[in-house]
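Written below as C-alpha coordinates is the structure these notes are about.
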Amino acid sequence: MTNQPTRSFPADFVWGAATAAYQVEGAAGEDGRGESVWDRFAATPGKVRNGDSGLVACDFYRRYPEDIALMRELGLDAFRFSVSWPRVIPDGRGRVNEAGLDFYDRLVDELLANNIKPFVTLFHWDTPQALEDRGGWTERETAELFVDYVDAVAERLGDRVDRWITHNEPWVVSWIGHAWGIHAPGRTSEADAIATSHHLLLSHGWAVQSLRRGSPDAEVGISLNLAHVDAASDAPEDIAAAREVDGSENRWFLDPIFRGSYPADALERFAATPPPVREGDMQTISAPIDFLGINSYFRRLVRDGAHGLNAVHLPDAQYTDTGWEVYPDGLHKLLVRVTEDYEPPVIYITESGAAFGDVRGHDGQVHDPERKAYLESHIDAVGRAIEEGAPVRGYFVWSLLDNFEWAHGYSKRFGIVYVDYPTLERVPKDSFWWYRDFIASMRPSLSGSPA
(Lines give C-alpha, C1' and ligand atoms only; values in the text may rest on other atoms or scores of the structure.)
Protein backbone atom coordinates (compact mmCIF):
# COMPACT_ATOMS: atom_id res chain seq x y z
CA MET A 1 0.00 0.00 0.00
CA THR A 2 1.30 3.46 -0.90
CA ASN A 3 0.74 6.85 0.69
CA GLN A 4 1.11 8.56 -2.66
CA PRO A 5 -2.25 9.97 -3.80
CA THR A 6 -3.67 8.12 -6.77
CA ARG A 7 -6.14 10.93 -7.45
CA SER A 8 -6.10 14.67 -7.13
CA PHE A 9 -8.28 16.56 -4.69
CA PRO A 10 -9.18 20.26 -4.61
CA ALA A 11 -6.50 22.45 -3.03
CA ASP A 12 -8.94 23.51 -0.30
CA PHE A 13 -10.12 19.96 0.42
CA VAL A 14 -10.68 19.44 4.15
CA TRP A 15 -9.09 16.41 5.81
CA GLY A 16 -10.62 15.70 9.18
CA ALA A 17 -11.74 13.27 11.84
CA ALA A 18 -14.92 13.09 13.88
CA THR A 19 -16.32 12.19 17.29
CA ALA A 20 -19.60 12.68 19.19
CA ALA A 21 -20.22 14.04 22.67
CA TYR A 22 -21.76 11.04 24.44
CA GLN A 23 -19.30 8.66 22.81
CA VAL A 24 -16.13 10.36 24.05
CA GLU A 25 -16.67 13.09 26.63
CA GLY A 26 -17.48 11.24 29.84
CA ALA A 27 -17.89 13.56 32.85
CA ALA A 28 -21.56 12.72 32.57
CA GLY A 29 -22.53 14.02 36.00
CA GLU A 30 -20.13 16.94 36.26
CA ASP A 31 -20.32 20.72 35.94
CA GLY A 32 -24.10 20.78 35.82
CA ARG A 33 -24.71 18.43 32.91
CA GLY A 34 -28.22 16.97 32.88
CA GLU A 35 -29.32 13.42 32.15
CA SER A 36 -29.64 12.36 28.52
CA VAL A 37 -31.72 9.60 26.99
CA TRP A 38 -28.52 7.64 26.51
CA ASP A 39 -27.68 7.86 30.21
CA ARG A 40 -31.09 6.40 31.01
CA PHE A 41 -30.99 3.82 28.21
CA ALA A 42 -27.49 2.59 29.10
CA ALA A 43 -28.52 2.24 32.75
CA THR A 44 -31.40 -0.04 31.75
CA PRO A 45 -30.33 -3.70 32.04
CA GLY A 46 -30.03 -5.52 28.74
CA LYS A 47 -29.98 -2.44 26.50
CA VAL A 48 -26.21 -1.99 26.01
CA ARG A 49 -23.66 -4.76 25.66
CA ASN A 50 -21.81 -5.57 28.89
CA GLY A 51 -23.81 -2.88 30.69
CA ASP A 52 -21.45 -0.26 29.25
CA SER A 53 -22.25 3.45 29.33
CA GLY A 54 -20.77 6.82 28.44
CA LEU A 55 -20.26 7.89 32.07
CA VAL A 56 -16.48 7.93 31.56
CA ALA A 57 -16.12 7.06 27.85
CA CYS A 58 -12.73 8.39 26.66
CA ASP A 59 -12.66 11.20 29.25
CA PHE A 60 -12.32 13.67 26.38
CA TYR A 61 -13.84 16.28 28.69
CA ARG A 62 -10.54 16.38 30.58
CA ARG A 63 -8.12 14.95 28.03
CA TYR A 64 -9.03 17.05 25.00
CA PRO A 65 -5.67 18.89 24.95
CA GLU A 66 -3.91 15.52 24.59
CA ASP A 67 -6.29 14.52 21.81
CA ILE A 68 -5.87 17.83 19.99
CA ALA A 69 -2.13 17.23 20.10
CA LEU A 70 -2.81 13.97 18.27
CA MET A 71 -4.92 15.87 15.73
CA ARG A 72 -2.02 18.24 15.20
CA GLU A 73 0.31 15.29 14.69
CA LEU A 74 -2.13 13.97 12.08
CA GLY A 75 -2.13 17.29 10.28
CA LEU A 76 -5.90 17.61 10.39
CA ASP A 77 -7.55 20.62 8.78
CA ALA A 78 -10.74 20.16 10.80
CA PHE A 79 -12.29 18.29 13.70
CA ARG A 80 -15.97 17.44 13.83
CA PHE A 81 -17.44 17.17 17.31
CA SER A 82 -20.91 17.47 18.78
CA VAL A 83 -22.26 19.62 21.57
CA SER A 84 -24.22 17.87 24.31
CA TRP A 85 -27.67 19.44 24.65
CA PRO A 86 -28.02 18.35 28.33
CA ARG A 87 -24.59 19.79 29.11
CA VAL A 88 -25.75 23.18 27.83
CA ILE A 89 -29.42 23.12 28.91
CA PRO A 90 -29.71 20.35 31.52
CA ASP A 91 -33.51 20.10 31.41
CA GLY A 92 -33.74 20.72 27.67
CA ARG A 93 -35.57 23.99 28.36
CA GLY A 94 -35.04 27.04 30.51
CA ARG A 95 -31.78 27.65 32.32
CA VAL A 96 -28.56 27.64 30.32
CA ASN A 97 -25.64 25.95 32.07
CA GLU A 98 -22.75 28.35 31.52
CA ALA A 99 -20.23 25.81 32.83
CA GLY A 100 -21.22 23.46 30.02
CA LEU A 101 -20.70 26.16 27.42
CA ASP A 102 -17.36 26.98 29.03
CA PHE A 103 -16.10 23.53 28.07
CA TYR A 104 -16.93 24.04 24.40
CA ASP A 105 -15.40 27.52 24.60
CA ARG A 106 -12.13 25.97 25.74
CA LEU A 107 -12.33 23.22 23.15
CA VAL A 108 -12.90 25.61 20.24
CA ASP A 109 -10.10 27.90 21.39
CA GLU A 110 -7.66 25.00 21.69
CA LEU A 111 -8.58 23.74 18.22
CA LEU A 112 -8.11 27.17 16.67
CA ALA A 113 -4.81 27.64 18.48
CA ASN A 114 -3.66 24.51 16.65
CA ASN A 115 -5.02 25.68 13.27
CA ILE A 116 -7.80 23.09 13.29
CA LYS A 117 -11.21 24.26 12.11
CA PRO A 118 -14.16 23.21 14.30
CA PHE A 119 -17.12 21.58 12.55
CA VAL A 120 -19.84 21.61 15.21
CA THR A 121 -22.74 19.16 15.24
CA LEU A 122 -25.60 20.45 17.36
CA PHE A 123 -27.45 17.17 17.86
CA HIS A 124 -25.83 13.75 17.91
CA TRP A 125 -28.60 11.77 19.64
CA ASP A 126 -28.28 12.88 23.29
CA THR A 127 -31.75 14.30 23.85
CA PRO A 128 -32.24 15.62 27.41
CA GLN A 129 -34.13 12.97 29.35
CA ALA A 130 -36.41 15.66 30.79
CA LEU A 131 -37.75 16.27 27.27
CA GLU A 132 -38.17 12.56 26.57
CA ASP A 133 -40.28 12.40 29.70
CA ARG A 134 -42.58 14.97 28.04
CA GLY A 135 -42.80 12.99 24.78
CA GLY A 136 -39.41 13.72 23.25
CA TRP A 137 -39.06 14.01 19.50
CA THR A 138 -42.57 12.70 18.91
CA GLU A 139 -43.74 16.13 20.13
CA ARG A 140 -43.46 19.33 18.11
CA GLU A 141 -42.45 21.18 21.28
CA THR A 142 -39.06 19.41 21.28
CA ALA A 143 -38.32 20.84 17.83
CA GLU A 144 -39.18 24.31 19.14
CA LEU A 145 -36.97 23.90 22.20
CA PHE A 146 -34.10 22.68 20.04
CA VAL A 147 -33.94 26.13 18.47
CA ASP A 148 -33.52 27.76 21.90
CA TYR A 149 -30.58 25.43 22.51
CA VAL A 150 -29.08 26.24 19.09
CA ASP A 151 -29.38 29.95 19.86
CA ALA A 152 -27.51 29.51 23.16
CA VAL A 153 -24.65 27.61 21.53
CA ALA A 154 -24.35 29.96 18.57
CA GLU A 155 -24.38 33.01 20.81
CA ARG A 156 -21.37 31.64 22.70
CA LEU A 157 -19.39 30.03 19.87
CA GLY A 158 -20.59 31.78 16.73
CA ASP A 159 -17.77 34.31 16.71
CA ARG A 160 -15.29 31.45 16.10
CA VAL A 161 -17.30 28.60 14.54
CA ASP A 162 -18.25 28.96 10.89
CA ARG A 163 -19.35 25.40 10.07
CA TRP A 164 -22.53 24.11 11.72
CA ILE A 165 -24.25 20.74 11.32
CA THR A 166 -27.77 20.78 12.71
CA HIS A 167 -28.40 17.03 13.08
CA ASN A 168 -26.52 13.78 12.76
CA GLU A 169 -28.28 10.85 11.08
CA PRO A 170 -31.96 11.59 11.75
CA TRP A 171 -32.90 8.22 10.22
CA VAL A 172 -31.00 6.40 12.97
CA VAL A 173 -32.67 8.46 15.70
CA SER A 174 -36.08 7.90 14.13
CA TRP A 175 -36.10 4.23 13.22
CA ILE A 176 -33.39 2.55 15.30
CA GLY A 177 -34.32 4.59 18.38
CA HIS A 178 -38.10 4.93 18.00
CA ALA A 179 -39.32 2.06 15.79
CA TRP A 180 -36.91 -0.77 16.56
CA GLY A 181 -35.94 0.02 20.15
CA ILE A 182 -32.24 -0.77 19.61
CA HIS A 183 -31.07 2.76 20.47
CA ALA A 184 -32.26 5.31 22.99
CA PRO A 185 -34.94 6.10 23.86
CA GLY A 186 -35.89 2.50 23.07
CA ARG A 187 -39.36 3.03 21.61
CA THR A 188 -40.94 0.45 19.31
CA SER A 189 -43.55 2.35 17.32
CA GLU A 190 -43.35 3.15 13.61
CA ALA A 191 -45.77 6.02 14.22
CA ASP A 192 -43.31 7.45 16.74
CA ALA A 193 -40.48 7.02 14.24
CA ILE A 194 -42.34 8.91 11.53
CA ALA A 195 -43.34 11.74 13.86
CA THR A 196 -39.77 11.93 15.15
CA SER A 197 -38.33 12.10 11.64
CA HIS A 198 -40.62 15.01 10.78
CA HIS A 199 -39.85 16.94 13.94
CA LEU A 200 -36.10 16.40 13.48
CA LEU A 201 -36.35 17.77 9.95
CA LEU A 202 -38.53 20.64 11.10
CA SER A 203 -36.08 21.56 13.85
CA HIS A 204 -33.31 21.43 11.27
CA GLY A 205 -35.12 23.97 9.12
CA TRP A 206 -35.78 26.25 12.09
CA ALA A 207 -32.14 25.91 13.21
CA VAL A 208 -30.94 26.92 9.74
CA GLN A 209 -33.02 30.10 10.01
CA SER A 210 -31.69 30.76 13.50
CA LEU A 211 -28.06 30.28 12.50
CA ARG A 212 -28.53 32.52 9.46
CA ARG A 213 -29.62 35.29 11.83
CA GLY A 214 -27.10 34.70 14.60
CA SER A 215 -24.09 33.62 12.55
CA PRO A 216 -24.68 35.11 9.09
CA ASP A 217 -21.19 34.39 7.74
CA ALA A 218 -21.26 30.72 8.75
CA GLU A 219 -22.08 27.75 6.55
CA VAL A 220 -24.86 25.43 7.71
CA GLY A 221 -25.74 21.87 6.76
CA ILE A 222 -27.02 18.53 8.02
CA SER A 223 -25.41 15.07 8.13
CA LEU A 224 -27.49 12.18 6.77
CA ASN A 225 -26.56 8.52 6.87
CA LEU A 226 -27.00 7.42 3.27
CA ALA A 227 -26.26 4.16 1.50
CA HIS A 228 -26.18 3.08 -2.11
CA VAL A 229 -28.87 0.43 -2.55
CA ASP A 230 -28.52 -2.51 -4.93
CA ALA A 231 -31.09 -5.15 -5.78
CA ALA A 232 -29.82 -8.70 -5.32
CA SER A 233 -31.05 -9.64 -8.80
CA ASP A 234 -32.81 -8.24 -11.86
CA ALA A 235 -36.10 -9.74 -10.70
CA PRO A 236 -38.81 -7.05 -10.58
CA GLU A 237 -39.64 -7.84 -6.95
CA ASP A 238 -35.98 -7.37 -5.91
CA ILE A 239 -35.76 -4.09 -7.81
CA ALA A 240 -38.93 -2.95 -6.04
CA ALA A 241 -37.40 -3.98 -2.71
CA ALA A 242 -34.32 -1.86 -3.40
CA ARG A 243 -36.48 1.13 -4.28
CA GLU A 244 -38.45 0.67 -1.06
CA VAL A 245 -35.27 0.71 1.04
CA ASP A 246 -33.96 3.73 -0.84
CA GLY A 247 -37.26 5.52 -0.24
CA SER A 248 -37.47 4.95 3.49
CA GLU A 249 -33.78 5.43 4.29
CA ASN A 250 -32.39 7.88 1.71
CA ARG A 251 -35.17 9.76 -0.06
CA TRP A 252 -37.29 10.19 3.10
CA PHE A 253 -34.74 12.79 4.20
CA LEU A 254 -33.18 13.97 0.94
CA ASP A 255 -36.50 14.82 -0.73
CA PRO A 256 -37.84 17.10 2.05
CA ILE A 257 -34.52 18.94 2.36
CA PHE A 258 -33.91 19.47 -1.34
CA ARG A 259 -37.40 19.22 -2.86
CA GLY A 260 -39.74 20.28 -0.08
CA SER A 261 -41.81 17.09 -0.07
CA TYR A 262 -41.73 13.53 1.16
CA PRO A 263 -41.36 10.85 -1.56
CA ALA A 264 -44.77 9.75 -2.78
CA ASP A 265 -44.02 6.02 -2.74
CA ALA A 266 -42.84 6.15 0.88
CA LEU A 267 -45.82 8.26 1.92
CA GLU A 268 -48.06 5.59 0.41
CA ARG A 269 -46.36 2.89 2.51
CA PHE A 270 -46.75 5.01 5.65
CA ALA A 271 -50.30 6.08 4.86
CA ALA A 272 -51.65 4.66 8.11
CA THR A 273 -49.32 6.87 10.18
CA PRO A 274 -48.39 9.89 8.04
CA PRO A 275 -45.94 12.53 9.24
CA PRO A 276 -47.61 15.33 11.24
CA VAL A 277 -47.10 18.03 8.61
CA ARG A 278 -48.54 21.47 9.24
CA GLU A 279 -48.86 24.36 6.84
CA GLY A 280 -45.45 25.85 6.09
CA ASP A 281 -43.46 22.92 7.49
CA MET A 282 -42.09 21.72 4.18
CA GLN A 283 -40.98 25.19 3.17
CA THR A 284 -39.14 25.44 6.48
CA ILE A 285 -37.47 22.05 6.06
CA SER A 286 -36.32 22.86 2.53
CA ALA A 287 -34.60 26.13 3.44
CA PRO A 288 -31.38 26.28 1.38
CA ILE A 289 -28.33 24.76 3.03
CA ASP A 290 -24.68 25.42 2.29
CA PHE A 291 -23.56 21.81 2.35
CA LEU A 292 -24.77 18.26 2.79
CA GLY A 293 -22.90 16.02 5.18
CA ILE A 294 -22.93 12.36 4.17
CA ASN A 295 -22.14 9.54 6.58
CA SER A 296 -21.72 6.33 4.61
CA TYR A 297 -20.20 3.03 5.67
CA PHE A 298 -21.67 0.31 3.44
CA ARG A 299 -24.19 -0.39 0.69
CA ARG A 300 -27.59 -2.02 1.07
CA LEU A 301 -27.94 -5.24 -0.93
CA VAL A 302 -31.53 -6.43 -0.67
CA ARG A 303 -34.00 -8.94 -2.05
CA ASP A 304 -37.69 -9.47 -1.60
CA GLY A 305 -38.53 -12.35 0.70
CA ALA A 306 -41.56 -14.30 1.80
CA HIS A 307 -41.69 -12.33 5.05
CA GLY A 308 -40.53 -8.92 3.84
CA LEU A 309 -37.25 -7.46 2.66
CA ASN A 310 -34.04 -9.38 3.29
CA ALA A 311 -30.48 -8.08 3.44
CA VAL A 312 -28.16 -10.27 1.38
CA HIS A 313 -24.84 -11.52 2.78
CA LEU A 314 -22.24 -12.39 0.15
CA PRO A 315 -20.02 -15.32 1.17
CA ASP A 316 -16.96 -13.99 -0.68
CA ALA A 317 -17.21 -10.36 0.43
CA GLN A 318 -15.23 -8.72 3.23
CA TYR A 319 -17.23 -7.57 6.25
CA THR A 320 -16.24 -5.37 9.17
CA ASP A 321 -16.54 -6.24 12.84
CA THR A 322 -20.05 -4.76 12.79
CA GLY A 323 -21.08 -7.02 9.91
CA TRP A 324 -21.01 -4.25 7.29
CA GLU A 325 -19.84 -5.11 3.78
CA VAL A 326 -16.67 -3.37 2.60
CA TYR A 327 -17.74 -1.99 -0.78
CA PRO A 328 -16.05 1.31 -1.67
CA ASP A 329 -17.73 1.50 -5.08
CA GLY A 330 -20.99 2.00 -3.21
CA LEU A 331 -19.69 5.32 -1.87
CA HIS A 332 -18.66 6.39 -5.37
CA LYS A 333 -22.08 5.50 -6.79
CA LEU A 334 -23.88 7.20 -3.91
CA LEU A 335 -21.98 10.47 -4.35
CA VAL A 336 -22.60 10.56 -8.09
CA ARG A 337 -26.30 9.78 -7.62
CA VAL A 338 -26.85 12.40 -4.90
CA THR A 339 -25.07 14.98 -7.05
CA GLU A 340 -27.18 14.21 -10.10
CA ASP A 341 -30.52 13.93 -8.30
CA TYR A 342 -30.28 16.69 -5.67
CA GLU A 343 -27.47 19.06 -6.73
CA PRO A 344 -26.17 19.94 -3.25
CA PRO A 345 -23.85 22.96 -3.43
CA VAL A 346 -21.13 21.20 -1.41
CA ILE A 347 -20.76 17.71 0.08
CA TYR A 348 -18.63 16.74 3.04
CA ILE A 349 -18.07 13.09 3.92
CA THR A 350 -18.72 13.71 7.61
CA GLU A 351 -18.21 10.06 8.62
CA SER A 352 -16.39 7.19 6.94
CA GLY A 353 -14.63 4.34 8.64
CA ALA A 354 -14.78 0.77 9.88
CA ALA A 355 -14.65 -1.31 13.04
CA PHE A 356 -12.23 -4.20 13.20
CA GLY A 357 -11.10 -6.42 16.07
CA ASP A 358 -8.04 -4.37 16.98
CA VAL A 359 -5.65 -5.65 19.64
CA ARG A 360 -2.45 -4.26 21.09
CA GLY A 361 0.47 -6.44 20.10
CA HIS A 362 3.56 -7.51 22.02
CA ASP A 363 5.33 -4.46 20.61
CA GLY A 364 2.76 -2.21 22.27
CA GLN A 365 1.39 -1.10 18.92
CA VAL A 366 -1.89 -1.69 17.10
CA HIS A 367 -1.56 -3.03 13.58
CA ASP A 368 -4.78 -2.58 11.59
CA PRO A 369 -4.10 -3.25 7.90
CA GLU A 370 -7.82 -3.76 7.21
CA ARG A 371 -8.62 -0.20 8.30
CA LYS A 372 -5.77 1.26 6.27
CA ALA A 373 -7.07 -0.55 3.21
CA TYR A 374 -10.63 0.59 3.97
CA LEU A 375 -9.62 4.24 4.23
CA GLU A 376 -7.45 4.15 1.13
CA SER A 377 -10.14 2.52 -1.00
CA HIS A 378 -12.92 4.82 0.22
CA ILE A 379 -10.84 7.97 -0.22
CA ASP A 380 -10.11 6.77 -3.74
CA ALA A 381 -13.86 6.30 -4.29
CA VAL A 382 -14.39 9.92 -3.22
CA GLY A 383 -11.70 11.01 -5.67
CA ARG A 384 -13.42 9.15 -8.50
CA ALA A 385 -16.71 10.84 -7.65
CA ILE A 386 -15.06 14.27 -7.65
CA GLU A 387 -13.64 13.55 -11.11
CA GLU A 388 -17.22 12.87 -12.22
CA GLY A 389 -18.50 16.17 -10.86
CA ALA A 390 -19.47 15.48 -7.25
CA PRO A 391 -18.81 18.66 -5.21
CA VAL A 392 -17.08 16.85 -2.33
CA ARG A 393 -14.93 19.24 -0.30
CA GLY A 394 -13.91 17.20 2.71
CA TYR A 395 -13.49 13.75 4.29
CA PHE A 396 -13.79 13.05 8.02
CA VAL A 397 -12.61 9.69 9.34
CA TRP A 398 -14.88 8.03 11.87
CA SER A 399 -13.47 8.01 14.36
CA LEU A 400 -10.50 9.76 15.84
CA LEU A 401 -10.76 7.58 18.97
CA ASP A 402 -12.12 4.19 19.86
CA ASN A 403 -15.22 5.06 21.85
CA PHE A 404 -18.63 4.10 23.20
CA GLU A 405 -20.33 2.55 20.20
CA TRP A 406 -23.93 2.94 21.32
CA ALA A 407 -25.72 -0.40 21.88
CA HIS A 408 -22.44 -2.23 21.19
CA GLY A 409 -20.83 -0.53 24.18
CA TYR A 410 -17.04 -0.66 23.95
CA SER A 411 -16.94 -3.92 21.98
CA LYS A 412 -16.47 -2.27 18.56
CA ARG A 413 -13.41 -0.18 17.76
CA PHE A 414 -13.70 2.42 14.98
CA GLY A 415 -10.82 4.67 16.00
CA ILE A 416 -7.55 5.38 14.28
CA VAL A 417 -6.35 5.88 17.87
CA TYR A 418 -6.64 2.90 20.20
CA VAL A 419 -8.01 3.65 23.66
CA ASP A 420 -6.94 1.33 26.48
CA TYR A 421 -10.14 1.74 28.46
CA PRO A 422 -8.84 0.69 31.91
CA THR A 423 -6.08 3.34 31.75
CA LEU A 424 -7.48 5.62 29.01
CA GLU A 425 -4.05 5.59 27.35
CA ARG A 426 -4.12 6.63 23.70
CA VAL A 427 -2.14 4.52 21.21
CA PRO A 428 -2.10 5.65 17.56
CA LYS A 429 -2.80 2.69 15.27
CA ASP A 430 -1.02 2.02 12.00
CA SER A 431 -4.02 3.62 10.26
CA PHE A 432 -3.28 6.84 12.18
CA TRP A 433 0.23 7.00 10.77
CA TRP A 434 -1.05 6.10 7.31
CA TYR A 435 -3.61 8.91 7.42
CA ARG A 436 -0.97 11.35 8.67
CA ASP A 437 1.34 10.49 5.79
CA PHE A 438 -1.49 10.55 3.28
CA ILE A 439 -2.61 14.02 4.39
CA ALA A 440 0.99 15.24 4.17
CA SER A 441 1.23 13.86 0.64
CA MET A 442 -1.75 15.98 -0.34
CA ARG A 443 -0.27 19.24 0.93
CA PRO A 444 0.96 21.65 -1.75
CA SER A 445 4.73 21.73 -2.01
CA LEU A 446 6.64 24.97 -2.43
CA SER A 447 6.27 24.55 -6.17
CA GLY A 448 2.51 24.39 -5.82
CA SER A 449 2.09 20.73 -6.78
CA PRO A 450 1.26 17.78 -4.52
CA ALA A 451 4.22 16.71 -2.43
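The values are calculated or read from the model by the stated rules, or taken from the named source; none is laboratory data. Remember, it's a predicted structure, so these values are computed and weren't measured experimentally. Every residue, glycine among them, receives a Cβ derived from its backbone with ideal geometry; neighbour counts consider all protein chains shown. Ligands, DNA and RNA are excluded from the accessible area calculation, which covers all protein heavy atoms including side chains. Shrake-Rupley method; radii C 1.70, N 1.55, O 1.52, S 1.80 Å.
Amide H contacts of Thr121: Phe81, Ser82, Val83, Ile165, each under 5 Å away and 5 or more positions distant or on a separate chain (H built 1.01 Å from N in the peptide plane; Pro and chain starts excluded). Just so you know, the Cα atoms of segment 21-60 work out to an Rg and Dmax of 9.8, 29 Å. Note that segment 320-451 presents 36 Å² accessible area per residue, ligands and nucleic acids not counted, probe 1.4 Å.
From the alpha carbon centroid of segment 193-222 to that of segment 69-104 is 18 Å. Largest first, the three principal axis extents of the alpha carbons in segment 124-243 are 55, 34, 18 Å in whole numbers.
Report summary: the helix-based calculation at 222 nm, which adds -39500 (n - 2.57) for every DSSP H run with n ≥ 4 and divides by the residues of the chain, gives -11500 deg cm²/dmol. Per-atom-type breakdown for segment 335-451 gives carbon and sulfur 53% of the accessible area (1.4 Å probe, protein chains only). Over the chain, the reciprocal of the mean inverse Cα-Cα separation, the Kirkwood hydrodynamic radius, stands at 22.2 Å. In units of the compact-protein estimate 2.2 N^0.38 Å, segment 90-191 shows a Cα radius of gyration of 1.20.
Here the convex hull built on the C-alpha positions of segment 250-348 has a volume of 142 cubic angstrom per residue.
Straight-line reach from Lys372: taking Cα to Cα under 20 Å and skipping same-chain neighbours fewer than 8 places apart, the lysines in range are Lys412, Lys429. In this simple spin-label model, placing a label point 7 Å from the Cα along the Cα-to-Cβ direction at both Gln318 and Gln365 gives a separation of 1.9 nm. Carbon-plus-sulfur accessible fraction, segment 229-314 (probe radius 1.4 Å, protein heavy atoms only): 51%.
If you take the alpha carbon atoms of segment 239-295 and fit the smallest convex hull around them, that volume is 92 Å³ per residue. Counting only protein heavy atoms and a 1.4 Å probe, segment 95-200 has 31 square angstrom of accessible area per residue.
Per residue, the average separation of C-alpha pairs within less than 8 Å and at least 6 apart gives the chain a relative contact order of 18 percent. Out of every Cα-Cα pair that segment 335-376 contains, those further apart than 12 angstrom amount to 71 percent. Building the convex hull from the alpha-carbon atoms of segment 318-451 and averaging its projection over directions returns 10.1 nm².
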